[in-house]
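Okay, so here's the structure we're looking at.
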Amino acid sequence: MDISIIGASGTIGRQIAISLVQEHIIPSSARLQLVGRKGGSSERILPALASDLADAYAEIMPDIDVVFEPTEVKADIIIVAAGKTISPVPAHLLDRFPDRLELAKTNFPILNTYATALESVASGEEIILVVTNPVELGVHIFSQHHPRERVIGMGAFLDTLRFRREIATELGIRRQNVRGLVLGEHGISMVPCWSTVGAYGFNSAEGRAVLQALRPVDVPNRQAVLQEVMEIFAQEGIAAAYRKAASYSADLRTFIKPFITHYSGIKTPIGVAKIITRLVETIVMGNQVMAAAQICLHGEFLGIEGVTGVPVMLSNAGVVRIEPIELLSQEAGEVYAAAMKFNNYLLKLADNFAVTNNKDFLVTK
């Protein structure tokens, strides 16, 4: 199964490439395609990356192809990691929550270029995994040009595993033994669904009480909490910021800690790449996995028309089905609100790119 990484020269894309080769996810008989931008720094970086990978993993290396034209992208699994990310500015300059709309305006042309170009060369059988932020925008744009059941946003998948890790830490068990989903937006409007949380060995009344005790009674404003932690970061350093984050509940830590890591300057390439690699391995092996992911909905979950994170069953066919789970009314309302928030982003983007009268901009396949 051939795999293509759009944006392979970036911090995240490069780490995904390393992880896929290092863990022998791609057989030596298959092809790994590294995709960069013609005229950019990737013209220098990607050939060097291919050579460095060969030095390290010659015994297990797949065939590596380096391309710089969107129309040359061809693979069974296409990982979209191109585009800008939130700048890792010094913590003392973070005086407001990062503006997802501004990030969307920056990455819209990049995402649209690749989605449009791929439509002319794609078979329709490709699985497209969107890593670029805002993830919801990438899913929306690619779903305009490709079958929506084959376009999967990785934000909720990543947030879910982070949430499970935080719960596992509280319980002193392995993450694999924890259930629980994060739905909604990959951002401030993420919805950690405590109603879905469970853990191996905690099914007794006493165990359920332990799980219930992890859930906060009052949830503070996330933006205010993030600002507080970043001020500590600026004044006392990163270790103090992580200590402050540790004082919050698992759901807030899920949201806050990646920001601390990102603003340290290292960003979050290792965790993201590992999680992407795990999903790709499942797809390559032909297995199924129940997960959370951003997908394009036409009313199948909570009546939502739009893109948001929902529970899905994934396989090498893409989204096999949307899992019918019962959420608390508050959780369901927050997931719905996250989808409507993104729809408002789309209207603003349409105005920004002068496509207000183009109804197709707001419609997906």
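Using only the C-alpha atoms, the convex hull of the stretch 3-155 corresponds to 121 Å³ per residue.
Lysine pair count for the chain (Cα-Cα distance under 18 Å; residues 8 or more apart in sequence or on different chains): 10.
Is the stretch 156-365 rounded, prolate or oblate when judged by the Cα gyration tensor, a ≥ b ≥ c being the square roots of its eigenvalues, rounded requiring a/c under 1.5 and prolate requiring a/b larger than b/c? Since a/c reaches 1.5 but b/c is at least a/b, the shape of the stretch 156-365 is classed as oblate. Ignoring the sites themselves, the chain has its longest run without GluC sites (Glu not before Pro) in a DSSP loop having at most 16 other Cβ atoms within 10 Å at 126-299. In this structure, the amide hydrogen of Val320, modeled 1.01 Å from its nitrogen in the peptide plane, lies closer than 5 angstrom to those of Met313, Leu314, Ser315, counting only residues at least 5 positions away or on a different chain. With both labels modelled 7 Å from their Cα along Cα-to-Cβ, the His24 to Ile322 distance reads 4.0 nm. Of the options [x] 73, 47, 37; [y] 55, 52, 44; [z] 68, 43, 36, only one is Cα extents along the principal axes in Å as computed from these coordinates, and that is [y]. Placing +1 on each Lys and Arg Cβ and -1 on each Asp and Glu Cβ, with no other charges, gives the stretch 246-312 a dipole about its Cα centre of roughly 400 debye.
Estimated from helices alone, the mean residue ellipticity of the chain at 222 nm is -14500 deg cm²/dmol (sum of -39500 (n - 2.57) over DSSP H runs with n ≥ 4, per residue). Length available on full extension from Ala209 to Ala56: 0.36 nm per residue minus the Cα-Cα distance, which gives 50.2 nm.
Using a simple spin-label model with pseudo-atoms 7 Å out from Cα toward Cβ, Ala350 and Ile238 lie 4.3 nm apart. For the stretch 93-243, the Cα-based Rg and Dmax, in that order, read 19.3, 58 Å.
Taken together, the values in this text are just the output of simple stated rules run on the coordinates, not laboratory data. Bear in mind the structure is a predicted one, so any value in this text is a computation, not a measurement. In this analysis, Cβ positions are derived from the backbone assuming ideal geometry, glycine residues included, and neighbour counts consider all displayed protein chains.
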